[in-house]
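What follows is a single structure, written as structure tokens, with notes after it.
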Amino acid sequence: MVLPDDRPQSLERREQLLLVARKVFAERGFTATTMEDIAKEAGFTKPILYQFFKSKSELYNEIIKRTSEQLIARLRGAVAEKENAKDRIEVAFQGYFDMVVSETDAFRILFIHSHDSDTVIDLRDMEIDFVAFIERLITIRIKPDHRRQLAASVVGIAEGAATAWLMQQENRGWPAPEPGIANRLAARSAALAWGGLRSVEQD
């Protein structure tokens, strides 16, 4: 007797729960959200939710991890076809803000809501991965510590601009993003970052 393989259905259900949880967390924050809230929004019972995720922290951290992986993958794809350092910085910012604008719920979780000790570690790991990625794009002949500091500064520009835009959206009641806003955010941030990097002297 051959038993039916329900793995595709389970994977589909898991993805559905992640999308619903991301939406609920984005609206309410980690502390105010319960597993029951997520299960109800998804149309499942709480025991079914616990079959896929052992705790609220595990579910929340999975969202952060997934966002980090998707972001780095998008940035790698964006810079792969560029050889010029300036072009790489520009397309990296474009890829970043394209995702911020199209995946607003994920970035609301990252930058708008507060994090507790169980979730802040994964958020820090995401930032470390982002800094390491940008560090490889900086081709100035400087010491490794200096390069890492510059990369962190570039990441700070991206995260600061993203947070400011998200807060503006929140104050407006989360309207649909303005056409071309990702392009404008990317262009402004890239100009600031490149202007700073271009002025750095070799060690």
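Coordinate-derived values only; no laboratory data. As the structure is a computational prediction, the values presented were derived from the model and not from experiment. Here Cβ is always computed from backbone atoms with ideal geometry, including for glycine, and neighbour counts include all displayed protein chains.
Okay, here's what the table says:
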| read-out | value |
| --- | --- |
| Cβ-based exposure ranking for Glu103, Glu15, in which fewest neighbours within 10 Å come first | Glu15, Glu103 |
| Phi-based couplings in Hz for the range 69-83 (Karplus 6.51, -1.76, 1.60; Gly and Pro marked x) | 5, 5, 5, 5, 4, 5, 5, 4, x, 5, 8, 4, 8, 10, 10 |
| Karplus 3J(HN,Hα) series, Hz, for the range 10-25 with 6.51 cos²θ - 1.76 cosθ + 1.60 (x for Gly, Pro) | 5, 5, 5, 5, 5, 4, 5, 5, 5, 5, 5, 4, 4, 5, 5, 4 |
| Residue-averaged 222 nm ellipticity for the chain, from DSSP H runs of 4+ at -39500 (n - 2.57), nearest 500 | -25000 deg cm²/dmol |
| Modelled label reach - Asp203, point 7 Å along Cα→Cβ, the range 143-180 residues with backbone N closer than 11 Å | 143-150 |
| Helix 181-198 axis, angle to the chain major axis (alpha carbon atoms, nearest 10°) | 40 degrees |
| Number of Lys pairs (Cα under 23 Å; 8 or more positions apart or on different chains) in the range 1-153 | 13 |
| Kirkwood Rh in Å, taken over all unlike Cα pairs in the range 53-188 | 15.7 Å |
| Phi-based couplings in Hz for the range 96-113 (Karplus 6.51, -1.76, 1.60; Gly and Pro marked x) | 5, 6, 4, 6, 4, 6, 7, 10, 4, 4, 4, 7, 4, 5, 6, 10, 9, 8 |
| Dipole magnitude of the chain about its Cα centre (Cβ charges: Lys, Arg +1; Asp, Glu -1), debye to nearest 20 | 280 debye |
| Sequence of Phe53, Phe93 once ranked by neighbouring C-beta atoms within 10 Å, starting from the fewest | Phe53, Phe93 |
| Helix 144-171 axis, angle to the chain major axis (alpha carbon atoms, nearest 10°) | 60 degrees |
| Ranked Trp194, Trp174, Trp165, criterion: other C-beta atoms within 10 Å, fewest first | Trp174, Trp194, Trp165 |
